[in-house]
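**Student:** Please find one structure pasted underneath; my questions will follow.
The values are calculated or read from the model by the stated rules, or taken from the named source; none is laboratory data. None of these values were measured; they are calculated from a predicted model. Methodologically, a virtual Cβ is constructed for each residue, glycine included, from the backbone with ideal geometry; neighbour enumeration extends over all protein chains shown. For the accessible areas, the whole protein counts, side chains as well, though only heavy atoms, and no ligand, DNA or RNA atoms are used. Shrake-Rupley method; radii C 1.70, N 1.55, O 1.52, S 1.80 Å.
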Amino acid sequence: MVGLAIVLGGLQLGAASVAFADTTILNVSYDPTRELYKDFNAAFAEKWKADTGETVTIQTSHGGSGKQARSVIDGLQADVVTLALEADIDAIAKETGKIPADWKTKFENNSAPYTSTIVFLVRKGNPKGVKDWGDLVKPDIQVITPNPKTSGGARWNFLAAWAYGRAANGGDDAKAQEYVTELFKHVPVLDTGARGATTTFVQRGLGDVLLAWENEAYLSLEELGPDKFEIVTPSVSIKAEPPVALVDGNVDAKGTRKVAEAYLGYLYSDAGQKIAAKHYYRPFKPAAADPADIKRFGDLKLVTIEDFGGWKEAQPKFFGDGGVFDQLYKPGQ
Amino acid sequence: MTEATKTAPWRFRQPSVLPGFGLSLGITLSWLVLIVLIPLSGLVFRASGLGWAKFFELALDPRTLNALKISFGTAFLAAVINLVFGVILAWVLVRYRFPGKRVIDAMVDLPFALPTAVAGIALTTLYAPNGWIGQFIEPLGLKIAFTPAGIVIALIFVGLPFVVRTVQPIMEEIDKEVEEAAATLGASRFQTISRVLLPGLLPAGLTGFALAFARGVGEYGSVIFIAGNLPYVSEIAPLLIVIRLEEFNYAAATAIAAVMLAISFAMLLLINSIQAWSRRRYVYVA
């Protein structure tokens, strides 16, 4: 329904654009980028007006990454997609053919203009003394993370935990699986999305540690007051690379290719990088951002999805039907 | 629903003084086809594309079976509880007069109006270990939120109005004289209730039960917040459908949905025939 409303809204504005020579593009994104794109859209519209004299209106739709991808597959006329997972964009490419298979090569840094990582949010004073991943499997610790099946962020959580299990055991994947199996025994609730998990941790007071996107963790700290929670940066985590892509099939049909390309390109500009850093995303070019913003990020070792063979290999292996995650919950384990 | 079964042999009922039978039947049928039959047959059509072997493989997957068991089991339990307490509620609302009765009567419908996600969040807040109710029952070893018990509570909430609202009008139609007659003939209070009143309420009660049950089986919004969503423990079938969709596994999602549709349809048919049967037996209020 919301999708339909947006499409209808888009059509209406699209019709209006003929009369006023202005353009509307739709950015289909995932949940935690709300604040980032609100800022960024305003900056881009201003820049576009200054460069070309044209007025551009950018609509942004937010929701769970997988659900957003499905809306685009089902026909939502997105000009660009900025999602949490490569696998979601791959799915659009595969199901609709509106995005070329080699979309990752179209922009710098594997089409990830900003990155993030997974950190721990703990209660103020860190009463359980959680310092690193190893502490999460201690007897009286409860860990909150959403379900990797329904949440893109949770897949990064899962792989970050795996990366630790692997690093702590000299690269042994079987040991890593043991660690992750043990970890999920400490998970009392599987929420369907990152925001739901945050609510469980913050409002219901459930759990001792919330596994969260770094940018979400800082955002919740900002909103909930730093007097209640604090962030613990573990020794190792994963470099979460939320990618962006142009939906070629749609921009060509709508004639918005030029502006949509410029929109994504602007994410890589100094201004775009600065805005990303301001919203607690780690910019691809840190030099362009405000040094004070960069200083806020904790120092840690980051593995990448390539260490798991890329999403094309990791997605079915870990999160596919009958994959590693499903096996954690096999009865009798 | 069961009007036709009352008048055997079957024939079109004679037109009443009101005109337009042909037109309104036409509208009824096309509306049902458009709103109910086409979407549901789309589901069956997609499922049939899987082939039987693949369909059964997907449908008989242990995780799917488990989720179906949880969905139907909790919905059944919640509907039974709603049947008992719904009848009591309706009884109080029909037979007694007390201050604030209208307000209470209106409150019964609130679960209809409230977005189910809001209900789910509210119930979770109450029953979570640090919630108003949760903090007192947790030390007693009772866990409600994030267990199947939590699902039952959510389903009782969303299903409550169905029983009350179907039983209430029937109850209003039972004359007080029936009770008085029973009493003068020497029936005890218990006999009056169990032998005279309840049988007449049974068809309506069953309708309410069936509606509450059907609602519970398909409920998603309120449940996912309170269930905890742990596979094999508190994962409901509608959530499993969403999970399969997140995997872009449309085939598996369709298979689960088709199984749910088939079971629900069979159960509703069964409940309806019991209801038709009991309605024939106790015609005095029907």
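**Student:** Show which aspartates and glutamates lie in cross-link reach of A:Lys228 when reach means a straight Cα distance below 15 angstrom and same-chain residues fewer than eight apart are skipped.
**Tutor:** Within the straight-line limit of under 15 Å, A:Lys228 reaches these aspartates and glutamates: A:Asp208.
**Student:** Among DSSP beta bridges whose residues both lie in the protein assembly as shown, state the antiparallel percentage, nearest 5.
**Tutor:** Around 50 percent antiparallel, to the nearest 5.
**Student:** Sticking with this one: With Cβ to Cβ distances under 14 Å as the rule, what net charge do the other residues near B:Met171 carry (K, R +1; D, E -1)? All intermediate terms of the calculation are to be shown ahead of the outcome.
**Tutor:** On the way: positive: B:Arg95, B:Arg165, B:Lys176; negative: B:Asp105, B:Glu172, B:Glu173, B:Asp175, B:Glu179.
That works out to -2.
**Student:** Any idea of the accessible area per residue across the range A:215-296, 1.4 Å probe, to the nearest Å²?
**Tutor:** Details: 3310 Å² over 82 residues.
About 40 Å² of surface per residue is accessible.
**Student:** May I have the pair-distance distribution P(r) for the range B:70-161, computed from all Cα-Cα distances with 10 Å bins from 0 and rounded to whole percent?
**Tutor:** Bins of 10 Å from zero give 16, 38, 35, 11, 0 percent of pairs.
**Student:** Among the listed pairs A:Lys104/A:Lys131; A:Lys128/A:Lys239; A:Lys47/A:Lys104; A:Lys124/A:Lys330, give every one whose C-alpha distance is greater than 30 Å. Show your work: numbers first, answer last.
**Tutor:** Working: A:Lys104/A:Lys131 35 Å; A:Lys128/A:Lys239 26 Å; A:Lys47/A:Lys104 25 Å; A:Lys124/A:Lys330 35 Å.
Too far apart for the 30 Å limit: A:Lys104/A:Lys131; A:Lys124/A:Lys330.
**Student:** So, with +1 on the Cβ of K and R and -1 on the Cβ of D and E, and no other charges, what is the size of the charge dipole of the protein assembly as shown about its Cα centre, to the nearest 20 debye?
**Tutor:** 1760 debye
**Student:** So which residues in the range A:76-96 end up with at least 30 square angstrom less accessible surface once the other protein chains are there, compared with the chain by itself, probe 1.4 angstrom?
**Tutor:** Checking the loss per residue gives A:Glu95.
**Student:** Could I ask something else about it? Past the 20 Å Cα-Cα mark, which pairs from A:Lys254/A:Lys285; A:Lys49/A:Lys258; A:Lys49/A:Lys106?
**Tutor:** A:Lys254/A:Lys285; A:Lys49/A:Lys106, as the Cα separations exceed 20 Å there.
**Student:** First select every other residue whose beta carbon is under 14 angstrom from the beta carbon of A:Phe107; then total the charges, Lys and Arg +1, Asp and Glu -1.
**Tutor:** Combined, the nearby Lys, Arg, Asp and Glu give -3.
**Student:** Leaving out ligands and nucleic acids, and using a 1.4 Å probe, what accessible area per residue does the range B:56-110 come to in Å²? Intermediate results must be reported in sequence, preceding the final value.
**Tutor:** Working: 3150 Å² over 55 residues.
Result: 57 Å² of accessible area for each residue.
**Student:** Ok, one more. Work out the charge dipole of the protein assembly as shown with +1 on the Cβ of Lys and Arg and -1 on the Cβ of Asp and Glu about the Cα centre, then indicate which of A:Ala161, B:Ala210, B:Phe146 is farthest towards its positive end.
**Tutor:** Of the options given, the answer is B:Ala210.
**Student:** Inside 10 Å of the C-beta atoms of B:238-249, what's the mean count of C-beta atoms belonging to other chains? List each step's numbers first, then the result.
**Tutor:** On the way: counts 0, 5, 1, 0, 7, 8, 2, 5, 15, 11, 13, 2.
For peptide B:238-249, the averaged partner shielding equals 6.
**Student:** Based on Cβ point charges of +1 for Lys and Arg and -1 for Asp and Glu, what charge dipole magnitude is obtained for chain A about its Cα centre, in debye rounded to the nearest 20?
**Tutor:** About 340 debye.
**Student:** Shifting gears a bit: In whole percent, and with a 1.4 Å probe on the protein chains, what portion of the accessible area of the protein assembly as shown is carbon and sulfur? It would help to have the intermediate numbers written out before the result.
**Tutor:** Values: 18650 of 29200 Å².
Its accessible area is 64 percent carbon and sulfur atoms.
**Student:** Straight-line reach only, C-alpha to C-alpha below 22 angstrom: list the lysines that B:Lys176 could link to, leaving out same-chain residues fewer than 8 apart.
**Tutor:** Hits, sequence-local ones excluded: B:Lys101.
**Student:** Nearest 100 Å², what total accessible surface is buried between chain A and chain B (probe 1.4 Å)?
**Tutor:** Between A and B, the summed buried area is about 2200 Å².
**Student:** Over the Cα atoms of the range A:33-127, what radius of gyration and what Dmax do you get, in Å?
**Tutor:** 16.6, 56
**Student:** Evaluate 2.2 N^0.38 Å with N set to the residue count of the protein assembly as shown, then give the Cα radius of gyration divided by it.
**Tutor:** Dividing the Cα radius of gyration by 2.2 N^0.38 Å gives 1.13.
**Student:** Next question, about the same structure. Under a Cβ-Cβ cut-off of 13 Å, what is the net charge of the residues other than B:Phe162 that fall near it, where Lys and Arg count +1 and Asp and Glu count -1?
**Tutor:** Summing Lys and Arg as +1 and Asp and Glu as -1 gives 0.
**Student:** Report the one residue of A:Ala93, B:Ser30, B:Gly100 whose Cα lies farthest in the direction of the positive end of the charge dipole of the protein assembly as shown (charges on C-beta: Lys and Arg +1, Asp and Glu -1; origin at the Cα centre).
**Tutor:** The residue sitting most towards the positive pole is B:Gly100.
**Student:** Still on this structure, please answer the following. Kindly report, to the nearest 10 Å², the accessible surface of B:Phe136 as traced by a 1.4 Å probe over protein heavy atoms only.
**Tutor:** 140 Å²
**Student:** How large is Rg over Rh for chain A, taking Rg from the Cα atoms and Rh as the Kirkwood inverse mean of 1/r across Cα pairs?
**Tutor:** Value, to two decimals: 0.98.
**Student:** Give the Cα extents of chain B along the principal axes, in whole Å, largest first.
**Tutor:** That gives 64, 58, 31 Å along the principal axes, largest extent first.
**Student:** Where is the GNM fluctuation largest for chain A (alpha-carbon springs, 10 angstrom cutoff): A:Arg282, A:Arg155, A:Arg166?
**Tutor:** A:Arg166
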